[in-house]
Structures are given as C-alpha cells and as structure tokens.
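To keep things clear, I will list the structure first and then write my remarks on it.
Just so it is clear, none of the values below were taken in a lab; they were calculated from the coordinates. Remember, it's a predicted structure, so these values are computed and weren't measured experimentally. Don't worry about glycine lacking a Cβ; one is built from the backbone with ideal geometry, like all the others, and counts go over all protein chains shown.
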Amino acid sequence: MSAPIEDPPLTNLRDRLAAIATLDAAALEAEDIAILGRKQGELTGRLKSLAALSIEEKRAQGAELNALKVQFEAAIGVRRVELADAARQREGAGVDLTMPGREAWRGTMHPVTVVIDEIVEIFGALGFSVALGPEVESEENNFGALNFAPDHPAMDMHDTLYLDPQGAVPAEGQRLLLRTHTSPVQVRVMREGPPPYRVVIPGTVYRNDAFDPSHAPAFAQIEGLAVDEGITFVDLKATLAHFAERFFGRGTTVRFRPSFFPFTEPSAEMDVACQLCAGQGCAACKGTGWMEILGCGMVHENVLRNCAVDPERWTGFAFGMGPQRIAMLRHGVPDIRHLYAGDMRFLQQFPSVGS
C-alpha cells in the first residue's frame with residue numbers, strides 16, 4: 001500500500017509559514033492579506049471550501065487547516081513585535097540617554113479661578129446660592145433697571161461695547177451690548193420671583209478699556225445680593241467684614257468709605273489693610289496702608305421698584321468685587337496682564353498651579 005500523496009497547496013502553505021520570520025514590514029502585511037485575508041486569503045478560501053466536503057473529509061482536512069491558521073496568526077504576531085522593537089531601537093540609536101527627561105506639564109486651576117471658587121464657598125456658607133446670567137444684555141437690564149440716568153457716561157460707546165458698532169437702536173428700542181458688570185443678573189433674579197434673595201453672581205464682564213497694568217477689556221467680577229425684611233447697612237458691614245477675615249485671615253482690618261453707585265444708596269467702598277505691607281504703607285497701596293477690593297451699598301429703592309419688589313417691605317444690600325484685583329493683592333502681582341498671558345513660568349509660582 002502506497003503512502004498518501006501530500007496536498008501541494010498545504011506543502012506550499014507550510015513553506016510560507018516558515019518564511020514569515022524573514023519578512024520585512026511591507027511583505028509581512030502583504031502575506032497576512034494573501035494567507036488570512038477575508039476575501040481572497042488562500043487559507044481562508046480553503047476553510048470556506050470545507051462546506052462542500054463529506055463529514056469525514058471535513059474532520060480530516062478541517063483540523064489541519066485550522067491548526068495552520070493558528071500557526072500563521074501566531075507567527076505573524078511575533079514578527080510584528082520583532083519589527084516594532086527593531087524600529088524603536090533604530091529610532092533611539094542617536095538619543096542621548098544621559099539627558100534629563102522633558103518636564104511633564106500638569107493642568108490645574110488658574111489663580112483667579114481659585115479666588116472665585118473660594119469667594120463663592122465663603123458666601124455659600126452664609127446661605128448665598130450661585131446665580132448666573134447671559135453675557136449679552138439689553139440696555140434695560142444693564143443700565144435702565146439699575147437706576148442709571150439715560151445720559152450716564154457709562155452708556156457711551158467709548159465705555160460700553162455695543163454689538164452694533166454704529167450703536168443703532170433696534171425696533172424694540174433696546175440695543176444689545178456686552179454686559180459691563182454682573183449686576184444685570186440681580187435684575188433677572190429679582191424679576192423671577194418674590195424675595196427673599198441671597199445670591200452671589202460670578203461671571204465675565206466687558207469694558208471698552210485699554211489693556212494696561214491695572215485694566216483689561218474683559219475680566220471676572222463677582223456680585224452679591226441679599227434682599228429680605230429688615231436688612232440694614234449693619235448686616236452689609238458684618239457680612240463683608242466676615243468675608244475679609246475668612247479670605248485674608250483672622251484679624252484682617254477693613255474700612256468703609258462713602259462712595260456713589262446709581263443702583264445703591266447709601267454706597268461705600270470697602271478697603272482692607274494692605275496685605276503686602278501689613279498696613280504700614282508701600283508702593284502697592286500708594287503709602288496709604290489700604291487696598292480697595294469692592295464696592296457695596298444698600299439696594300436703591302428705584303431698583304427694587306423696577307424689579308417689582310416693594311421697597312416699603314423689603315430692603316437689601318449688594319456688593320461687587322474683581323477677583324483679578326484680589327488675586328493680585330493676595331499674591332503681590334504688580335501687573336494684571338500677567339494673569340492673562342498664560343506664561344507657565346509665571347503661573348508655576350503659585351501653589352494652585354502644578355508644574
């Protein structure tokens with residue numbers, strides 16, 4: 001009885017299997033497609049042809065073909081790893097392994113964002129919730145409802161950024177503008193429902209200002225509003241003095257100076273003892289020992305009426321501060337433009353910013 005004749009295609013496949021270890025990357029990919037490709041792969045085609053054979057032939061040939069498929073997949077996978085390792089070695093041949101590694105940058109909170117979050121947290125502990133509003137506002141919300149006179153200088157185009165460069169008045173009589181303060185959100189809060197209100201309002205505001213060491217055309221601001229029965233200026237002073245102690249540290253000295261804002265009466269500026277010279281006087285505080293950080297006052301009765309709040313029953317206070325100025329005061333930053341530059345050499349100086 002003669003020995004069975006070897007199937008030539010299988011012999012050819014075994015030879016090609018042995019050659020896998022010598023192929024380069026391009027030839028390896030071509031061989032992978034030629035042998036195991038779904039549509040025209042030689043081994044794939046032979047496996048598909050088993051369907052036409054008898055059960056005995058399927059068992060005999062199927063086992064051998066499946067074993068070959070597993071061997072091809074393993075050999076191709078091993079060769080790919082070998083080629084990848086060789087490529088990495090070639091790429092690293094000219095690398096000086098004694099050089100220090102590159103610094104890994106880690107993103108984190110900006111100093112001004114840290115200040116905003118801390119302020120919100122302090123007032124949150126006093127029962128103030130956060131309110132937000134749109135950055136595009138109407139003249140009514142930004143000025144009219146807040147008791148600005150129709151000819152107030154702040155409404156001029158050299159101070160306010162109107163969305164129509166010509167300042168044209170639309171049919172409904174209200175020009176749109178980029179809000180100049182976060183106070184319009186106070187109007188929105190009071191018009192949404194009856195008092196009491198206790199909210200802090202962080203957000204970005206816009207002014208037609210030159211970019212210089214102390215001014216920016218777009219900057220962060222935080223407003224506060226509290227309206228309830230029986231609120232007085234004493235409540236305002238106690239609230240803001242508590243904030244200053246929580247933010248700047250126990251024993252921080254504050255003072256209130258008379259001021260004027262259209263939407264509050266009486267109005268005041270609040271100063272804190274200069275954090276750079278401990279109130280002794282320095283260049284940053286212009287020798288006074290004090291740094292202004294916010295404006296405040298009792299909500300003007302006209303503002304309450306404009307928002308359908310009865311001033312005979314309800315009183316309240318409001319305040320507004322610039323987180324950039326407070327961050328500059330806390331960290332001794334002389335130029336506000338440093339806070340916008342995104343220079344990691346500057347930002348890495350602060351514990352809030354990782355390296």
(request) Note down the nm distance, to one decimal, between modelled labels 7 Å out along Cα→Cβ at Ala67 and at Ile33. (result) 3.1 nm
(request) Output the relative contact order of the range 111-347, whole-number percent, from Cα pairs under 8 angstrom with separation of 6+ residues. (result) 21 percent
(request) Could you tell me which of rounded, prolate or oblate describes the range 65-114, using a ≥ b ≥ c as the square roots of the eigenvalues of the alpha-carbon gyration tensor, with rounded for a/c under 1.5 and, failing that, prolate when a/b is larger than b/c and oblate otherwise? (result) oblate
(request) Would you calculate the separation in nanometres between label points at Glu229 and Glu82, each defined as 7 Å from the Cα along the Cα-to-beta-carbon direction? (result) 8.9 nm
(message) Which of the three applies to the range 111-347, rounded, prolate or oblate, going by the alpha-carbon gyration tensor with a ≥ b ≥ c and a/c under 1.5 meaning rounded?
(response) oblate
(message) Could you work out [θ]222 nm for the chain from helices alone, using -39500 (n - 2.57) per DSSP H run of at least four and dividing by all its residues? Round to the nearest 500 deg cm²/dmol.
(response) -11500 deg cm²/dmol
(message) Under a Cβ-only charge scheme (Lys and Arg +1, Asp and Glu -1), can you give me the dipole magnitude of the chain about the Cα centre, in debye to the nearest 20?
(response) 800 debye
(request) Please list, in chain and number order, the residues 5+ apart from Trp290 or on another chain whose amide H is under 5 Å from its amide H, with Hs placed from the backbone. (result) Cys274
(request) Please find, in a Gaussian network model of the chain (springs between Cα atoms separated by less than 10 Å), the residue of Gly320, Gly62, Gly203 whose mean-square fluctuation is greatest. (result) Gly62
(request) Please figure out what share of the DSSP beta bridges in the chain is antiparallel and state it in percent, rounded to the nearest 5. (result) 95 percent
(request) Using only Cα atoms, find the angle between the long axis of helix 25-36 and the longest principal axis of the chain, and express it within 0 to 90 degrees, rounded to the nearest 10. (result) 70 degrees
(request) Using 0.36 nm per residue of separation minus the Cα-Cα distance, give me the extension gain between Ala210 and Arg305 in nm, one decimal. (result) 30.6 nm
(request) Compute all pairwise cysteine Cβ distances in the chain, then list the cysteines with no distance under 4.7 Å to another cysteine. (result) Cys296, Cys307
(request) Within the range 25-120, list the trypsin sites (Lys or Arg not before Pro) lying in a DSSP loop whose Cβ has at most 15 other Cβ atoms in a 10 Å radius. (result) Arg38, Lys39, Arg102, Arg106
(request) List the lysines whose Cα lies under 29 Å from the Cα of Lys237, skipping any in the same chain that are fewer than 8 positions away. (result) Lys286
(request) Read phi for every residue in the range 267-274 and hand back ³J(HN,Hα) as whole Hz from Karplus 6.51 cos²θ - 1.76 cosθ + 1.60, θ = phi - 60°, with x for Gly and Pro. (result) 10, 8, 9, 10, 10, 10, 4, 3
(request) Working from Cα positions, state the angle (0 to 90°, nearest 10) between the long axis of helix 233-248 and the longest principal axis of the chain. (result) 40 degrees
(request) Could you name the lysines whose alpha carbon sits less than 21 Å from that of Lys48, not counting residues in the same chain fewer than 8 places away? (result) Lys39, Lys58, Lys69
(message) With 21 Å as the cut-off, how large is the P(r) tail for the range 8-94, expressed as percent of Cα-Cα pairs?
(response) 37 percent
